[in-house]
Amino acid sequence: MGPGEVILADRFQQPLAAVRQTSDKGRAIFATANIPKHSVILQSQAVLLQKEDYKRLGETALWPYRFAVGEQCAIVFGDISFCNHSDTPNAFVSWTRLTPTAAIATLIALTGISADDEIEIFYADTEEYKRRGITFS
């Protein structure tokens with residue numbers, strides 16, 4: 001498998017992840033099966049907004065669902081919004097723009113993830129991933 005290639009899930013297989021309540025973090029996403037590196041774990045719809053909306057959203061009930069996406073920000077609907085932060089993430093979010101205001105957020109495994117492990121991402125713009133040396137290959 002080359003850099004940038006992902007393993008697509010069979011649409012008829014059981015979900016690879018589920019939201020669970022934790023005692024210390026609230027809701028979180030956990031693997032329901034072993035997930036190979038580069039696998040697509042989940043996909044969610046997103047609404048794209050202007051970058052200046054990111055700070056304003058932090059003052060609303062939508063703040064947990066906001067993501068920085070290049071020069072824009074996004075509100076993600078669906079389970080991806082329950083990913084917690086880690087400085088050593090095992091997954092990342094890739095973005096596919098559909099229109100100027102709509103996108104698909106795709107959660108992809110950075111590493112192999114064992115069943116029952118929490119799936120975590122690094123909370124930052126994709127440029128911060130590059131600065132910290134977090135790679136997707």
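The values are calculated or read from the model by the stated rules, or taken from the named source; none is laboratory data. Just so it is clear, the structure is predicted and the values come from calculations on it, not from any experiment. Cβ coordinates were reconstructed from backbone atoms using ideal geometry, including for glycine residues, and neighbour counts include every protein chain displayed.
Things worth noting here:
- Residue list for the stretch 39-61, restricted to those being crowded, with 16+ Cβ neighbours inside 10 Å and either basic (K, R) or not in a strand (DSSP E or B) (or both): D53, Y54, L57
- Condition check for L16 on (1) at pLDDT 85 or above; (2) surrounded by 15 or more Cβ atoms within 10 Å (Cβ to Cβ); (3) within 24 Å of V69 (Cα to Cα); (4) out of contact with any Pro (no Cβ under 9 Å at 6 or more places or on another chain): one failure, at (3).
- Qualifying position, being free of Cβ contacts under 8 Å to residues at least 40 places away in the same chain and within 21 Å of D53 (Cβ to Cβ), among G70, G78: G78
- Inter-residue pairs, beta-carbon under 7 Å, first β-branched (V, I, T) and in the stretch 89-100, second assigned to a strand (DSSP E or B), 6+ apart: V93/F67; V93/A105; V93/T106; V93/L107; V93/I121; T96/A103; T96/I104; T96/T106
- Whichever residue in the stretch 76-118 is aliphatic (A, V, I, L, M) and either outside any strand (DSSP E or B) or surrounded by fewer than 18 Cβ atoms within 10 Å (Cβ to Cβ) (or both) and, among such residues, is modelled with the highest pLDDT: A115
- Residue tally, condition assigned to a strand (DSSP E or B) and either under 13 Å from the mean Cα position of the chain (by Cα) or charged (D, E, K, R) (or both), over the stretch 20-38: 5
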